[in-house]
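Remarks on the structure that follows.
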Amino acid sequence: MNWLALHLRTLGQAIRRLARAPFSNLLTVLVIGVTLSLPAGLYAVLDNLRPWVGDSVGEPQLTLFLARNAGAQDIALLRAKLKAQAGVREALFVPRDQALKELLQNNGLQDMAATLEGNPLPDAFIVKPDWVKPEELARLQEEMRHWPKVDTVQLDSAWARRLFTLMQFGRLAVLLLFSLLGVALLAVSGNTIRLQILSRREEIEVSQLIGATDSFIRRPFLYFGALQGLGGGIVAWIVVEASLRLLDSAAADLAQLYGSALHLHGLPLSNGLCLLLLSTALGWLGAFVAATRYLRHSPVVVH
């Protein structure tokens with residue numbers, strides 16, 4: 001209980017210290033928030049565009065062309081096998097007669113139907129997988145190729161590879177941007193804490209002389225930095241939500257030009273909480289580095 005009371009008292013002191021200089025601390029919080037809103041906003045945009053890109057370009061599909069001698073029993077067994085197959089979201093059976101009819105209609109070749117001696121097309125299954133990663137799709141294709149009564153398995157792997165590479169590039173860009181801006185925020189937080197330490201230098205030296213440990217001296221600055229980081233995370237979340245709401249109508253008009261629908265949504269609750277956790281951790285880490293560096297070079301050494 002003494003440990004908890006000590007931390008609660010230190011937290012209260014950090015909150016009061018923030019309230020004593022509201023303007024300067026608010027500026028620091030705004031800098032942290034606006035900086036974090038850039039990678040958070042890009043991540044939210046990518047999360048919104050992912051299903052829209054998939055709908056616009058088309059989902060990856062596997063087409064199982066059956067052998068010419070496949071009968072009704074073989075088709076039923078394959079349907080059951082596809083239903084139980086991991087990674088298969090949906091499987092649609094296309095009879096050869098229906099495939100020929102759609103082919104002639106889509107290409108305006110209905111008059112050629114009478115000239116055909118027979119149906120050259122096989123029965124087929126159109127399979128929509130749960131996966132997008134090219135290597136997983138290739139593995140699924142190879143596995144299905146060895147199924148009985150399956151003649152050929154066709155996969156649009158080029159589309160899947162392009163989409164997956166594009167999304168991976170976007171995620172990597174967001175991660176790189178967050179890393180670079182995180183370093184900048186550590187410097188901002190550390191500089192703010194350094195000014196706090198310099199304003200309380202005499203108090204720190206007296207505490208060291210009476211035997212206070214480094215962790216005791218460092219604790220209020222850690223809470224101060226963490227609170228600034230938390231405030232910055234809240235600002236970043238608000239900025240992202242407001243920006244996406246402002247862009248929603250423009251994004252919907254743009255998607256309509258491509259015959260699609262797109263509505264931007266904000267960060268999910270779990271992602272928003274992760275943003276708050278990361279911003280708090282950055283503020284705490286900046287304070288820890290600044291306080292530790294000062295104590296390490298402090299002229300007063302306590303044994």
When (1) touching an Asp or Glu at 6+ places or on another chain (Cβ under 8 Å); (2) among the aliphatic types (A, V, I, L, M); (3) surrounded by fewer than 13 Cβ atoms within 10 Å (Cβ to Cβ) are applied to L264, the one that fails is (3)
Does R9 meet the test of being modelled with pLDDT under 85 and either touching a strand residue (DSSP E or B) at 6+ places or on another chain (Cβ under 9 Å) or part of a loop (DSSP other than H, G, I, E, B) (or both)? no
Could you check the range 49-83 and list, in sequence order, the residues that are assigned to a helix (DSSP H, G or I), small (G, A, S) and modelled with pLDDT under 75? G54, S56
Taking the range 114-144 and the residues there that are more than 21 Å from A76 (Cα to Cα) and among the small types (G, A, S), the one that is modelled with the highest pLDDT would be A138
From the list W147, W159, pick out the single residue that is modelled with pLDDT of 85 or more, over 17 Å from the mean Cα position of the chain (by Cα) and among the aromatic types (F, W, Y). W147
Scan the range 276-299 and report the pairs whose first residue is under 13 Å from F224 (Cα atoms) and whose second residue is among the acidic types (D, E) and assigned to a helix (DSSP H, G or I), with Cβ atoms within less than 9 Å and a gap of 6+ or a chain change. A291/D214
For residues that are in contact with a helix residue (DSSP H, G or I) (Cβ under 6 Å, 6 or more places away or on another chain) and at pLDDT below 85, scanning just the range 23-48, find the one that is nearest to L227 (Cα to Cα). N25
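The values are calculated or read from the model by the stated rules, or taken from the named source; none is laboratory data. The shown structure was predicted, so the numbers you read here are calculated from the model rather than taken from an experiment. Cβ sites come from the backbone with ideal geometry, for glycine too, and all protein chains shown count toward neighbours.
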